[in-house]
1. Projecting each Cα onto the charge dipole of region 16-191 (Lys/Arg +1, Asp/Glu -1 at the beta carbon, about the Cα centre), which of ALA44, GLN169, PRO105 comes out farthest on the positive side?
2. When ranked by the protection proxy of mean other Cβ atoms within 10 Å per residue, highest first, what sequence do the peptides 97-108, 59-70, 23-34 form?
3. Once the Cβ-Cβ distance between ALA164 and VAL19 is put in as r, and R0 is 25 Å, what FRET efficiency do you end up with, to the nearest 0.05?
4. Among TRP323, TRP387, TRP114, what is the fewest-to-most ranking by other Cβ atoms within 10 Å?
5. What distance in nm separates the two pseudo spin-label positions at ARG328 and ASP374, each 7 Å out from Cα along the beta-carbon direction?
6. Using a 7 Å offset from the Cα along the Cα-to-Cβ direction at both GLN53 and GLN384, what is the distance between the two label points in nm, to one decimal?
7. Looking at THR375, PRO284, LEU310, which one has the Cα that reaches farthest to the positive end of the dipole of region 274-391 (charges on Cβ: Lys, Arg +1; Asp, Glu -1)?
8. Starting from 0.36 nm per residue, how many nanometres of slack lie between SER268 and ILE38 once their C-alpha separation is accounted for?
Amino acid sequence: MAPVPAAPDAPPTANPAGVALARVYALFPAAIRLSCGIAVAAVALAVREPPVQAVPLALAVVVLTIWSYVFYRQTIDNGIRARVVLVDAALTITACLAMEVLVAPAVMPGGVSWVAVLASTSIVTAQFALRVVHGMLLGLTIAAAYCVGAILAHDVDEAISHSAVLVAQTFLAAGLVYVTRRSARAADSVFSAYQRAHRETVIARAAREAERKQNRDLHDTVLSTLTMVGLGGVAGQSAMLRARASSDLRTLFDPARRPALDPTAKVSLDERLRVVVERFEGYPLTAALEPCLVPSAVADALAESADAALSNVVRHAENAVAWLRLHRTRGAVVVEVIDVGPGFDMAAIPPYRYGIRESIMARMAAVGATARIDTAPGNGTRIQLEWVDVG
């Protein structure tokens, strides 16, 4: 019997929104930290009026410039990490507390000094790596360090005004990060639900297809052969009965013991149809089969549909002459089953009848092929199975 196809593999990315957000959270802090480091170095060295001390300033510029590059490489290579932003915050806090010897009094007011820019940058980047509460605490700590440093530099107005700005930046940056993280989680939750539903649908569809194939196999083999015997279309000791019984057993049990072919691999359709002809040994059947290569799945559908059509001939058109033809025409592969039996009225077939609806029509539709049935009472039957050779 046909095995139920395996369930599709789980998607490699289970949370695409989270992954995309993490990528942005790595690139954005790395870029602003590197650009800030370069700008800070240039601005810090440009203003060296007393009481700025050359040695501490030079040391701060060298350390912070090197650190900016290290921060950039670490974040780009490994993503934004808590330990990296903690080191960054420690250096920023040190610079804030040392503003008295690092920043000239003339550039202190208005939060335009390089230390003020450094503090803002550290506060923003910290929010991307830490939880919201921890990021806010670290931002407030940096703001407090700036306030203390400005007071030590004898600029109380700057200590109050820009510290308030840094506190506002902390809350705004933390709020933005919170909203984006929550949105990403919501998007991933919706995506995961969709993936689960899609996976269940694919599994259910695969199970239904396997069940339909099993039903077709049973209908076209054992049930078909028993029906022929019951209707008298096949004699109990005939060569056809022996051939069909042997073929039925192979169809039902051999697929479990042999590897499945690649559905796209080309096989000889005429050879497959000759196997079908052998199942009707002793019946007045004439076969004209041109050599033809088609994908394995198409060959299965055409051969099994032709077998089902011929079985109908044996059951319902006893001793009628039948023909099986295979030929190419207008870029298509055509298999025809023709008989001079009594024919039938297609409109009169009950919807519960399985043979034509499933064994022929549905089987052909499953591989993108078509089946056309031309028949009428007293006029015989022509069944044309056609697959357009897209290759």
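Every number in this text was worked out from the coordinates using simple rules, so none of it is lab data. The shown structure was predicted, so the numbers you read here are calculated from the model rather than taken from an experiment. Here Cβ is always computed from backbone atoms with ideal geometry, including for glycine, and neighbour counts include all displayed protein chains.
1. GLN169
2. For the peptides 97-108, 59-70, 23-34, the packing ranking is 97-108, 23-34, 59-70.
3. 0.10
4. Result, fewest neighbours first: TRP323, TRP387, TRP114.
5. Result for the modelled spin labels: 2.3 nm.
6. 10.0 nm
7. THR375
8. 75.8 nm
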